[in-house]
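The values are calculated or read from the model by the stated rules, or taken from the named source; none is laboratory data. As the structure is a prediction and not an experimental result, all values here were calculated from the model. No Cβ is skipped: glycine too gets one built from the backbone with ideal geometry, and neighbour counts run over all protein chains shown. In case anyone asks, the SASA skips ligands and DNA or RNA and just uses the protein heavy atoms, side chains included. Shrake-Rupley method; radii C 1.70, N 1.55, O 1.52, S 1.80 Å.
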Amino acid sequence: MAQQLNRRNFGLVSFLCLFLFASFPVVTKAENSTEQAFVIGVISSKPKKAFKRAQPLSDYLALNLKHLGYTHGEVKVARDLRELQRWLKNGQVDLFSETIFAAYQLEQVELAEIIARQWKDGAAEYHSIFFSRVDSNVSSFDDLVGKIIVFEDRLSTSAYLLPAATLIQQGYQLGEVSSPRERPQPGEIGYFFADELSRYGDESNMMSWVDNEIVAATAFSNQDWEKEITPEIESNLTIFYRTPDVPRALMLVRSSLDESLKKEIQQLLFSAETTEEGQEALKAFKKTTLFDTVTEESLRTIREIGATSSLIEH
């Protein structure tokens, strides 16, 4: 009998405990958390390197925005622009650095706004140069029609996107070929990508293909020209076109951020070079020297060239 009563009492106590537990809301860690991350987004196929580069800047900005509730910095690494675009739409990324073409695309869909120009390795802007052999009879874009130009890779700004956009903007038709031995279609400028034909598809290799008359011309940045072209080779080559200068990189914020927060982030970027902590964060962030204002002239150039991006094959 005593055992039956004990069992009944135990059952009654258990029922009451379950009833009381169900009567009160369960507070999860996420609901009770007061942590708020400031998130920098990066597109990269090398996540470890991307984290190492961007985390110091993310931490620096979070620290200087702690009065707004930010507790720490985070870095999210996207595989491509489409993934970054989804994160911006979902409010998962606050700030990121991109080239003029990606910046233009994200501005057009109103997911991001350009707030600063990024100086890298001491340079604010650069341009692409087209060059050929001195004795090749290629001294203009008209001379390239029916011939082959080599680009570096499909994602390169200065060695594909900017030169291709310039040609399209001036009315030339581009046609991809599988190798320098293939003839382009009539009226087209043929092109292929160095990295898809050779494991050494860099600027040095592209230059040697021009020098050895394998292709009619190539294009890459003025900075790579200064770095890669030796005086001996330079005497064989001639630069026949320079594109307009464009920013090396641009910093963009998520459009849905509060306007006052956007301005505060912008001012923190502008002033980062004035503090020791800021300088360290900049140095880690792809050897950034400083951030400054994007001029109206630069914005016009970005939008004019960016408007051709939909015509470029990727």
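Brief remarks on what is shown
- For the criterion of being open to solvent by less than 100 Å² (accessible area, probe 1.4 Å), modelled with pLDDT under 50 and under 54 Å from the mean Cα position of the chain (by Cα), Ala22 passes.
- In segment 78-108, of all residues being part of a loop (DSSP other than H, G, I, E, B) and open to solvent by 50 Å² or more (accessible area, probe 1.4 Å), the one that is farthest from Ser221 (Cα to Cα) corresponds to Asn90.
- Just one of (1) out of contact with any helix residue (DSSP H, G or I) (no Cβ under 6 Å at 6 or more places or on another chain); (2) of a type in the set (Gly, Ala, Ser); (3) under 23 Å from Pro247 (Cα atoms); (4) modelled with pLDDT of 95 or more fails for Ala123. It is (4).
- Test: residue in segment 237-247 that is free of Cβ contacts under 8 Å to residues at least 60 places away in the same chain, out of contact with any His (no Cβ under 9 Å at 6 or more places or on another chain) and not acidic (Asp, Glu): no
Conditions tested, residue by residue: (1) open to solvent by less than 60 Å² (accessible area, probe 1.4 Å); (2) out of contact with any helix residue (DSSP H, G or I) (no Cβ under 9 Å at 6 or more places or on another chain).
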site: Asn222; (1), (2): yes, no
site: Glu226; (1), (2): no, yes
site: Thr238; (1), (2): yes, yes
site: Thr243; (1), (2): yes, no
site: Pro247; (1), (2): yes, no
site: Lys263; (1), (2): no, yes
site: Leu268; (1), (2): yes, no
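- Just one of the listed residues (Gly190, Gly201, Gly171) is open to solvent by 10 Å² or more (accessible area, probe 1.4 Å) and touching a strand residue (DSSP E or B) at 6+ places or on another chain (Cβ under 8 Å), namely Gly201.
- The listed residue being modelled with pLDDT of 95 or more and under 17 Å from Ser158 (Cβ atoms), out of Ile239, Ile214: Ile239
- The residue of segment 34-89 that is modelled with the highest pLDDT, among those that are of a type in the set (Ser, Thr, Tyr) and over 22 Å from Glu277 (Cα atoms), is Ser44.
- Pairs linking a residue in segment 169-184 that is touching a residue at least 60 places away in the same chain (Cβ under 8 Å) to a residue that is of a type outside the set (A, V, I, L, M, F, W, C) and part of a loop (DSSP other than H, G, I, E, B), with Cβ atoms under 7 Å and 6 or more positions apart or on different chains, are Gln169/Thr308; Glu176/Glu313.
- Tally of residues being in contact with an Asp or Glu (Cβ under 8 Å, 6 or more places away or on another chain) and open to solvent by less than 10 Å² (accessible area, probe 1.4 Å) across segment 139-163: 2
- Hits in segment 109-162 (condition: of a type in the set (Gly, Ala, Ser) and either at positive phi or outside any loop (DSSP other than H, G, I, E, B) (or both)): Ala112, Ala116, Gly122, Ala123, Ser128, Ser132, Gly146, Ser158, Ala159
- Restricting attention to segment 274-302, the residues that are closer than 19 Å to Val246 by Cβ and either open to solvent by less than 30 Å² (accessible area, probe 1.4 Å) or not in a loop (DSSP other than H, G, I, E, B) (or both) add up to 13.
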